[in-house]
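The values are calculated or read from the model by the stated rules, or taken from the named source; none is laboratory data. Fair warning: this is a prediction, and the values are worked out from it, not measured in the lab. Positions of Cβ are generated from backbone atoms using ideal geometry, with glycine treated the same way; all protein chains shown enter the neighbour counts.
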Amino acid sequence: MPEPVPVFTDSQIQQLAAEFPTPFHVYHADRIRQRVSDLLAAFSWNEGFKQFFAVKATPNPHIVKLLHEAGCGADCSSPAELVICERLGITGEEVMFTSNNTTPEEFQQAADLGAVINLDDASLIDQLHSEVGMPELISFRYNPGAEREGNVIIGNPKEAKFGLTREQMPGCYQKCKELGATRFGLHTMVVSNELEHESFMETARMLFELAVEIKEKTGIAIESINLGGGIGIPYRPEQQPLDLQRLGSGVQELYEQILTPAGLTPLKICMENGRSMTGPYGALITRVINKKHTHKRYVGVDACMSNLMRPGMYGAYHHITAVGKEAAPLAGEVDVVGSLCENNDKFAIDRELPEVEPGDLLVIHDAGAHGHSMGFQYNGRLRSAEIMLESDGSARQIRRAETLDDYFSTVEFPESSSSAASTESLVKQ
Ligand SMILES: *Cc1c(COP(=O)(O)O)cnc(C)c1O
């Protein structure tokens, strides 16, 4: 098996750690651009193919801007994510708004941006129509229920709160047409971190057949089909990446086999990957601060779950290497832990690592998506900075680390604007 090319070299990490205090997240601009162009190339057979970056994966405006310049639209599911697009000038059909349990105000905000609204329930049709107005283009999210198995991260579709049933779909399109919609999209999101080619083929087949069924039942021709995101990344060294070229040509075969005979082509294929666009091209850099040997051996680092939740929350694997010690012999199993008063605050459990010492830099790999963005402030631990490594080798801070002032900013008010006292005056009382 060929060794994957490391995203960051040891000397790059050492230089970054000399410039910025650990812990921090770092992203590799060129590798992200390359990833976008690889995905676009795989679907170049499809005129109008669009990849909407799932903003929640890495909601840093600098990253969303880079992805947009590389050819991605944006997939948003909250007001803040819509505002990121608005501030970057990403508008109209470059934005997809897929939300769940949404208020009319949020639909209004999405409509103001001209975003494609992707409805998650039949009851939202009337709400949208009466409060916001039926847009020209409307999309629906399909939940296949027992038809598909889903996967570990996203769960079983039958138990998932997202989307509409197959029986509901044709009537929903029909109703929107009666209310004035003239263009229609179809969407699903059933897998996450999926590395199996066949799973994406099943998704494409399922949606293509559903589009045919909708046409047969209603006469409505869907113009775009969004296969969702969910392309996985090889978090474990022994895993292989999904072959994007094979994905593209597999979808093309099904397109020609199912959609063309039904008179539904040309039709735009869309995806909304988050993880696979930035995940492997970002890392969390942290320093060893303690070693401890009790019932187990522990390596304590200066990052914690505030910086990266996935291991603590899902038991997710993130590969960890020690800078300068990649070739050193393994020295037994350790738990790599943070400082939270929460026993889930572990980046790795029973992980074979070389002998590391306080001061050593550790790289927690594949932290470029669902990493910083899932961070929190539990225990008063603050979220770290994000750094972009640019093409010319320079490093640019694209988000500063939080400070104690940020931490107190939501509880301290000017006396006049609120009944809450400042924490300083609380102390004095
Ligand atoms: C989270 C999410 C995505 C992105 O998922 P990845 O696994 O990061 O590719 C895409 N679409 C929707 C609706 C999502 O909720």
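Side notes on the structure shown:
- Considering only residues in segment 346-379 that are of a type in the set (Asp, Glu) and either in contact (Cβ under 8 Å) with a residue 60 or more places away in the chain or within 16 Å of the ligand (Cβ to nearest atom) (or both), the one that is surrounded by the most Cβ atoms within 10 Å (Cβ to Cβ) turns out to be Asp366.
- For segment 109-150, the set of residues classified as among the charged types (D, E, K, R) and closer than 14 Å to Thr98 by Cα consists of Asp120, Asp121, Arg141, listed by residue number.
- A count restricted to segment 290-330 and to residues that are in contact with a His (Cβ under 9 Å, 6 or more places away or on another chain) and in a strand (DSSP E or B) stands at 2.
- Across segment 124-170, the qualifying residues are those that are at pLDDT below 95 and among the small types (Gly, Ala, Ser), and the one among them that is farthest from Ala54 (Cα to Cα) is Ala146.
- Considered as a group, the residues in segment 160-195 that are part of a helix (DSSP H, G or I) and either among the aromatic types (Phe, Trp, Tyr) or in contact with a Lys or Arg (Cβ under 7 Å, 6 or more places away or on another chain) (or both) include one that is nearest to the ligand (Cβ to nearest atom), and that residue is Tyr173.
- Within segment 368-379, the set of residues being closer than 11 Å to Asn60 by Cα and assigned to a helix (DSSP H, G or I) comprises His372, Ser373.
- Filtered residues of segment 232-282 (kept if surrounded by fewer than 18 Cβ atoms within 10 Å (Cβ to Cβ), among the acidic types (Asp, Glu) and in contact (Cβ under 8 Å) with a residue 12 or more places away in the chain): Glu238, Asp243
- Complete set of residues in segment 331-345 that are surrounded by fewer than 20 Cβ atoms within 10 Å (Cβ to Cβ) and either part of a strand (DSSP E or B) or of a type in the set (A, V, I, L, M, F, W, C) (or both): Ala331, Gly332, Glu333, Asp335, Leu340, Cys341
Rundown of residues vs (1) at pLDDT below 95; (2) touching a Leu at 6+ places or on another chain (Cβ under 8 Å); (3) closer than 29 Å to Asp30 by Cα, yes/no style:
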{"residue": "Leu340", "(1), (2), (3)": "no, no, no"}
{"residue": "Asn344", "(1), (2), (3)": "no, no, no"}
{"residue": "Leu353", "(1), (2), (3)": "no, yes, no"}
{"residue": "Gly368", "(1), (2), (3)": "no, no, yes"}
{"residue": "Met374", "(1), (2), (3)": "no, yes, yes"}
{"residue": "Ala385", "(1), (2), (3)": "no, no, yes"}
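- Of everything listed in (1) away from the ligand (no atom under 16 Å from the Cβ); (2) farther than 15 Å from His372 by Cβ; (3) surrounded by 24 or more Cβ atoms within 10 Å (Cβ to Cβ); (4) within 21 Å of the chain's Cα centre (by Cα), the single unmet condition for Gly315 is (3).
- Qualifying residue in segment 380-390 (condition: part of a helix (DSSP H, G or I) and either more than 16 Å from the ligand (Cβ to nearest atom) or under 30 Å from Asp10 (Cβ atoms) (or both)): yes
- Within segment 238-279, the set of residues being away from the ligand (no atom under 12 Å from the Cβ) and within 21 Å of the chain's Cα centre (by Cα) comprises Gln239, Gln240, Pro241, Asp243, Leu244, Leu247, Gly248, Ile269.
- Here Glu86 meets each of (1) within 16 Å of the ligand (Cβ to nearest atom); (2) under 26 Å from Phe162 (Cα atoms) with one exception, condition (1).
- Residues satisfying the stated conditions in segment 9-61, i.e. among the basic types (Lys, Arg) and away from the ligand (no atom under 15 Å from the Cβ): Arg31, Arg33
- Search result, residues across segment 56-108 that are free of Cβ contacts under 8 Å to residues at least 24 places away in the same chain and not in a helix (DSSP H, G or I): Gly73, Ala74, Ser77, Gly89, Phe97, Ser99, Thr102, Thr103
- Failed criterion for Phe140 (all others in (1) touching a Ser or Thr at 6+ places or on another chain (Cβ under 9 Å); (2) closer than 21 Å to Lys217 by Cβ; (3) assigned to a strand (DSSP E or B) hold): (1)
- Unmet criterion (only one of (1) out of contact with any strand residue (DSSP E or B) (no Cβ under 9 Å at 6 or more places or on another chain); (2) surrounded by fewer than 18 Cβ atoms within 10 Å (Cβ to Cβ)) for Ala401: (1)
- Here is the figure for segment 283-299: residues that are buried (at least 19 other Cβ atoms within 10 Å of the Cβ) and touching a Lys or Arg at 6+ places or on another chain (Cβ under 9 Å) total 1.
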